[in-house]
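The values are calculated or read from the model by the stated rules, or taken from the named source; none is laboratory data. This is a predicted model, so every value here is computed, not measured. So basically every Cβ, Gly included, is an ideal-geometry build from the backbone, and we count neighbours across all protein chains shown. Please note that ligands, DNA and RNA were not included when accessible areas were found on the heavy atoms of the full protein model with its side chains. Shrake-Rupley method; radii C 1.70, N 1.55, O 1.52, S 1.80 Å.
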Amino acid sequence: MTASDALPLLKAEMRNAALARRAAIAPAAAQAAAQAVVARGLALARRASQPAVALYLPMRGEFDCLPLLDALTHAGFATALPAIGGRGRPLAFRLWRSGEPLGQGPFGVREPLPDSPPAHPAVIFAPLAAFDRAGHRIGYGGGFYDVTLEALRAQQGHGLIVAGLAFAVQECPKIPAEPHDQQLDFVLTENETINCAGA
């Protein structure tokens, strides 16, 4: 087995271990964690050049960003969710607020309706399976965020802020990076905000 063959297997093992740790978090602790990042998420969004923020709809035990989404809405930010356009294609962000209708996208993911206005976020809060302090992220294997962040960074440069939302138990000492992997600028956990550039 070559090193290039072994790397995806290693990342899959790290993903599975981190997701098992996440699955063991009690519901009350998960709810408290969701509230713990709100003020820090708002402060991060206020650093952006324009008030459009993309989040996600949590599923399968992902960190719940909906309290942060509601706080952003009340603070006057335009909030958006991703829509999947197909494998290998960047995510499209569409404006959405809590209570608005949703459609069913690929892989069982709920997303804003196709006629929802497009969004051009300056801040993206992304889900993840595992992370390290250098901003390396393991997702779920689809590569959607890597393709999306590569395209957006090519368009927006340093104007884009990308922050992962995760429980502290999802941290790994060091995640091996592949050429296509896009790093996070920050990671917000229930305990701290990690500035990955300073790691």
Residues that are among the polar types (S, T, N, Q) and either open to solvent by 20 Å² or more (accessible area, probe 1.4 Å) or in contact with a Pro (Cβ under 9 Å, 6 or more places away or on another chain) (or both), at least 1 per element: which helices (runs of 4 or more DSSP H) completely within segment 22-85 meet that?
27-36, 66-74
Going by the conditions given, is R15 buried (at least 17 other Cβ atoms within 10 Å of the Cβ), in a helix (DSSP H, G or I) and touching a strand residue (DSSP E or B) at 6+ places or on another chain (Cβ under 8 Å)?
yes
I need every pair where a residue in segment 137-165 that is touching a residue at least 40 places away in the same chain (Cβ under 8 Å) has its Cβ under 6 Å from the Cβ of a residue that is among the basic types (K, R), sequence separation at least 6 or different chains.
I138/K11; I138/R15
Is it the case, given these coordinates, that R133 is open to solvent by 30 Å² or more (accessible area, probe 1.4 Å) and either in a helix (DSSP H, G or I) or in contact with a Phe, Trp or Tyr (Cβ under 8 Å, 6 or more places away or on another chain) (or both)?
no
Suppose the filter is within 19 Å of P82 (Cα to Cα) and at pLDDT 95 or above; does V123 pass it?
yes
Scan segment 93-107 residue by residue and report those that are small (G, A, S) and open to solvent by 40 Å² or more (accessible area, probe 1.4 Å).
S98, G99
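Given the criterion within 24 Å of A33 (Cβ to Cβ), part of a helix (DSSP H, G or I) and not aromatic (F, W, Y), identify the matching residue among V162, V187, V147, V169. Break it down into steps so the answer makes sense when it comes.
Working: V162 fails: part of a helix (DSSP H, G or I); V187 fails: part of a helix (DSSP H, G or I); V147 fails: within 24 Å of A33 (Cβ to Cβ).
Exactly one of V162, V187, V147, V169 is within 24 Å of A33 (Cβ to Cβ), part of a helix (DSSP H, G or I) and not aromatic (F, W, Y), namely V169.
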So the check is Cβ under 7 Å with 6+ separation or different chains; which pairs have a first residue in segment 176-199 that's among the hydroxyl-bearing types (S, T, Y) and a second one that's at pLDDT 95 or above and part of a loop (DSSP other than H, G, I, E, B)?
T189/A166; T189/F167
Considering only segment 141-161, state which residues are under 23 Å from A12 (Cα atoms) and modelled with pLDDT of 90 or more.
F144, Y145, D146, V147, T148, L149, E150
